[in-house]
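S.K.: Submitted below is the structure of interest, expressed as structure tokens.
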Amino acid sequence: MVKVGVVGATGYSGAKLVELLLNHKETEIVYLGSKSYSKMKFQDIYKNFTGIDNLILKNQDLLEVSKKCDVVFLALPSKVAKDMITQEILDNTLIIDLGADFRLEDPNDYEKWYKATAPDFNILKQAVYGLTDIHGDKVKSTKLISNPGCYTTCSILTLAPLVKTQLIDLDSIIIDAKSGVTGAGKGLNLGSLYCEANENIKAYGITTHRHTPEIEQELTKLANQKVMVQFTPHLIPMNRGILATCYAKLKDGVTSEQIDKAYKTFYKDSLSVNFLGKNKIVETKYVKDTERIDISYTIDERTNNIIALGAIDNLVKGASGQAIENMNIYFGFDQYQGLRKFASTPL
């Protein structure tokens, strides 16, 4: 059994991790970390876990935790993990960081977008960006996996085949993405309160959202040339789910047959990618609680634009589920062990 620790276990992503790990036949939870709820039972914080009374929250030093665990998940806010990780910790255990501190390869980009000192470069250069459907083959080569962001996962996977094959003009990409409220985390935030979010929709982080450089970094690698995108996120009044609507100008003469081939070829080995094809509608309720992304596209013959759509569950494929995928790959388990491919209900 793989001995597992979760630091930040009482946040939304942390709690989802606990749920997934409890249903994973190859893992044993040996540590749950929480600064705010130390010494309390996990079931007293999340009553859906009633009956599992042996999970006690603790607040231990990460170095000590690393000596007990084969893998430690960090479900912490940005700017926290970068000051916790040392080489000694990485020598002890695998770290899978669900935060943003090790996602950007250029320290200057981190400092620009996060307004904070970049992580130690000797640690940063060891990190593998754990977008499993693209970088799964690199996961086993490191002890530090940086789990992608939720908007980022949905946007990159929706656009990747089009960018890789350069069927689109790379300077024309616009991403209009919408997320449920859990994407903002569990911390007290005025904009996430029921009275603020309900019966409302709003754009935020316009031109400044921190997932922008993450998306550009990965699309640039795929295109083998610099890619810039116009990315605008929106908050919508539902608990979970992300829908990314991605616009781009098709190159002259590109056909739907070429587009279909690009997607099917790129994702031929990715069981979590459900490519629906042309003129299909994707909906967040059909990916809820699953490790799946649904993708479709439509061509506007009038404007010669392609509109590609992607939908994920931000807490699963966009966070905790993808972290489990990374763990599975690293330890040689089936990549989707403990994860669901189908929503239990459309309601």
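S.K.: Mind checking whether some residue in region 46-62 is under 29 Å from residue 122 (Cα atoms), of a type in the set (Ser, Thr, Tyr) and outside the structural domain of residue 239 (by TED's automatic domain parsing)?
M.R.: No: zero hits.
S.K.: List the number of the failed condition for residue 85; all other conditions in (1) assigned to a strand (DSSP E or B); (2) free of Cβ contacts under 8 Å to residues at least 60 places away in the same chain hold.
M.R.: (1) is the only condition that residue 85 fails.
S.K.: Please count how many residues of region 71-82 are under 15 Å from residue 123 (Cα atoms) and not in a loop (DSSP other than H, G, I, E, B).
M.R.: Adding up the residues that qualify gives 2.
S.K.: Is it fair to say residue 265 is modelled with pLDDT of 95 or more, touching a Ser or Thr at 6+ places or on another chain (Cβ under 9 Å), surrounded by fewer than 24 Cβ atoms within 10 Å (Cβ to Cβ) and within 22 Å of residue 96 (Cα to Cα)?
M.R.: The answer is no for residue 265.
S.K.: In region 268-295, which residues are among the aliphatic types (A, V, I, L, M), modelled with pLDDT of 95 or more and touching a Lys or Arg at 6+ places or on another chain (Cβ under 8 Å)?
M.R.: Result: 273, 287, 293.
S.K.: Is it the case that region 192-203 has a residue that's over 20 Å from residue 11 (Cβ atoms), free of Cβ contacts under 8 Å to residues at least 24 places away in the same chain and among the polar types (S, T, N, Q)?
M.R.: no
S.K.: Identify all residues within region 57-70 that are surrounded by 20 or more Cβ atoms within 10 Å (Cβ to Cβ) and in a loop (DSSP other than H, G, I, E, B); write none if there are none.
M.R.: Residue satisfying the conditions is 69 alone.
S.K.: Looking only at region 158-174, which residues are polar (S, T, N, Q) and in contact with a strand residue (DSSP E or B) (Cβ under 7 Å, 6 or more places away or on another chain)?
M.R.: Selection gives 158, 172.
S.K.: In this structure, does residue 333 turn out to be outside the structural domain of residue 98 (by TED's automatic domain parsing), in a loop (DSSP other than H, G, I, E, B) and either crowded, with 23+ Cβ neighbours inside 10 Å or hydrophobic (A, V, I, L, M, F, W, C) (or both)?
M.R.: Yes.
S.K.: Next question, about the same structure. Is it the case, given these coordinates, that residue 289 is closer than 16 Å to residue 154 by Cβ, in contact with a helix residue (DSSP H, G or I) (Cβ under 8 Å, 6 or more places away or on another chain) and outside any strand (DSSP E or B)?
M.R.: It is true that residue 289 is closer than 16 Å to residue 154 by Cβ, in contact with a helix residue (DSSP H, G or I) (Cβ under 8 Å, 6 or more places away or on another chain) and outside any strand (DSSP E or B).
S.K.: Tell me which residues, restricted to region 297-330, are in a strand (DSSP E or B) and among the hydroxyl-bearing types (Ser, Thr, Tyr).
M.R.: Of everything in region 297-330, those that are in a strand (DSSP E or B) and among the hydroxyl-bearing types (Ser, Thr, Tyr) turn out to be 297, 298.
S.K.: Within the bounds of region 240-258, is there any residue that is surrounded by 17 or more Cβ atoms within 10 Å (Cβ to Cβ), at pLDDT below 95 and not in a helix (DSSP H, G or I)?
M.R.: Yes.
S.K.: I need a count of the residues in region 130-171 that are part of a strand (DSSP E or B), closer than 25 Å to residue 234 by Cα and not assigned by TED's automatic domain parsing to the domain that holds residue 231.
M.R.: 1
S.K.: Applying the selection to region 172-185, what residues are within 17 Å of residue 230 (Cβ to Cβ) and part of a helix (DSSP H, G or I)?
M.R.: Correct list: 172 only.
S.K.: A further question on this structure: Please give the number of the condition residue 302 fails out of (1) within 22 Å of residue 75 (Cβ to Cβ); (2) out of contact with any Leu (no Cβ under 7 Å at 6 or more places or on another chain).
M.R.: (1)
This table checks each residue for (1) in contact with a helix residue (DSSP H, G or I) (Cβ under 7 Å, 6 or more places away or on another chain); (2) on the phi < 0 side of the Ramachandran plot.
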site	(1), (2)
136	yes, yes
140	yes, yes
150	yes, yes
169	no, yes
181	yes, yes
224	no, no
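S.K.: Limited to region 179-211, what total is found for residues that are surrounded by 11 or more Cβ atoms within 10 Å (Cβ to Cβ), of a type outside the set (S, T, N, Q), closer than 18 Å to residue 239 by Cβ and modelled with pLDDT of 90 or more?
M.R.: Going through region 179-211 one residue at a time, the tally reaches 3.
S.K.: Shifting gears a bit: Does residue 31 meet the test of being at pLDDT below 95 and buried (at least 17 other Cβ atoms within 10 Å of the Cβ)?
M.R.: When the stated conditions are applied, residue 31 does not pass them.
S.K.: Moving on. Go through (1) touching a residue at least 60 places away in the same chain (Cβ under 8 Å); (2) in a loop (DSSP other than H, G, I, E, B); (3) in contact with a Lys or Arg (Cβ under 8 Å, 6 or more places away or on another chain) for residue 119 and report which single condition fails.
M.R.: That leaves (1) as the condition not met.
S.K.: Still on this structure, I have one more. Among the residues of region 240-252, is any of a type in the set (S, T, N, Q) and touching a residue at least 60 places away in the same chain (Cβ under 8 Å)?
M.R.: yes
The values are calculated or read from the model by the stated rules, or taken from the named source; none is laboratory data. Only a predicted model underlies this, so the values are computations on that prediction, with no experimental measurement involved. Quick reminder, even Gly has a Cβ in these numbers, built from the backbone with ideal geometry, and neighbours come from all protein chains shown.
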